[in-house]
Amino acid sequence: MPLPAKAFQRWLHGIAPQASTADICRISGVKRTTLAQQLVRGKVAESTVVSISRAFNINPVAALATFASYSELAGSPVPPTAAELVSQIATMDLLSAVIARSAGAAGGGDADTPPPAPPLTPAPHTTSVKNWVDAIDDGELRHRVSAATGIAPQNYSAQLTANRLTPELAIATSREAGVGPTGGLVATGMITESEAGWPPGARQAALDALSDGELAALAGERLQALGKTLKRQEQDHQQTKTIWENLG
């Protein structure tokens, strides 16, 4: 939910009382035309607050928490669950871990101590949003989010398929799942792991905690989902090509 312009201006005056709009935009990288349009409409995007807060060395989570619609972000950060952490590991990183463990086992390494894997790529990744929702879904989560927010189930699913979720829906999803409120904001790329208060190396620790069987099964599920996506894209491409050929 975009933030009220008046509340935004009060917040902005509180952190930079002497700065002009031009100064704010220059420091934060937010375009002057973008900010001006948002103020005229009376609705400021959450991403604008995030960019400005970073420019002034303010944690974006703390900044958003000052607005009524994001007040639940206030307080001590809630640690993510192991499932949330693993959901934010890219498929290629999972495959790298499988290969590293397999190589270690073939080389006679200690079976109880997984060999070191390459550093994980930063979150988010290409399926991070859907993976995150799947990780915290008890089977009824999508229905509860739909009922709580009024979004049509098909529209909610469409956002997940496109690997995006509005900040408002991300918070609502966390609330309905009973997990910390920042997980969805990390999955969408709104904030970073450190800004969310996730412990350093938490994703790697969650990956290392997976058994070989769990890791292989998860990597297999990701590959199957990737295969379906690629197949669908190929079919769409072929249909488009056929249409153009018929028109030509």
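Maximal additional length on extending the residue 126-residue 10 stretch stands at 38.1 nm, based on 0.36 nm per residue less the C-alpha distance. Among residues other than residue 177 with Cβ under 13 Å from its Cβ, the summed charge is -3 (Lys and Arg +1, Asp and Glu -1). Within the straight-line cut-off of under 23 Å between alpha carbons, the lysines reachable from residue 231 are 130, 241, sequence neighbours fewer than 8 places apart in one chain being disregarded. Taking every C-alpha pair closer than 8 Å and separated by at least 6 residues, the mean separation divided by the residue count of the chain gives a relative contact order of 20 percent. Efficiency by 1/(1 + (r/R0)^6): what FRET value for residue 32 and residue 72, r their Cβ-Cβ distance, R0 = 30 Å, to the nearest 0.05? Here the calculated transfer efficiency is 0.40.
Keeping the other protein chains in place, figure out the carbon and sulfur percent of the accessible area of the chain, with a 1.4 Å probe.
Values: 7710 of 13640 Å².
Ligands and nucleic acids excluded, carbon and sulfur give 57 percent.
Using the 1.4 Å probe convention, the accessible area of the chain works out to 55 Å² per residue with neighbouring protein chains retained. Measuring with a 1.4 angstrom probe and ignoring ligands and nucleic acids, residue 143 comes out at about 120 Å² accessible. Here residue 6 is the anchor, and the lysines within straight C-alpha reach of less than 16 Å, apart from those fewer than 8 places off in the same chain, are 43. Working ranking of peptides 146-155, 45-54 by packing, defined as the average number of other Cβ atoms within 10 Å per residue, highest first, is 45-54, 146-155. Residues with beta-carbon under 14 Å from that of residue 133, excluding residue 133: net charge, scoring Lys, Arg +1 and Asp, Glu -1? So the environment of residue 133 carries a net charge of -1. Placing a label point 7 Å from the Cα of residue 83 along the Cα-to-Cβ line, the residues of the stretch 173-209 whose backbone N sits under 19 Å from it are 173-188, 203-209.
Considering only 242, 201, 149, the residue lying farthest towards the positive end of the dipole of the stretch 145-248 is 242, judged by Cα position with unit charges set on Cβ. Here the chain is assigned +1 on the Cβ of each Lys and Arg and -1 on the Cβ of each Asp and Glu. Its dipole about the Cα centre then comes out at about 1240 debye.
The values are calculated or read from the model by the stated rules, or taken from the named source; none is laboratory data. Remember, it's a predicted structure, so these values are computed and weren't measured experimentally. Glycine gets a Cβ as well: all are built from the backbone with ideal geometry, and neighbour counts include every protein chain shown. When the accessible area is computed, the model is the full protein with side chains, heavy atoms only, and any ligands, DNA or RNA have been set aside. Shrake-Rupley method; radii C 1.70, N 1.55, O 1.52, S 1.80 Å.
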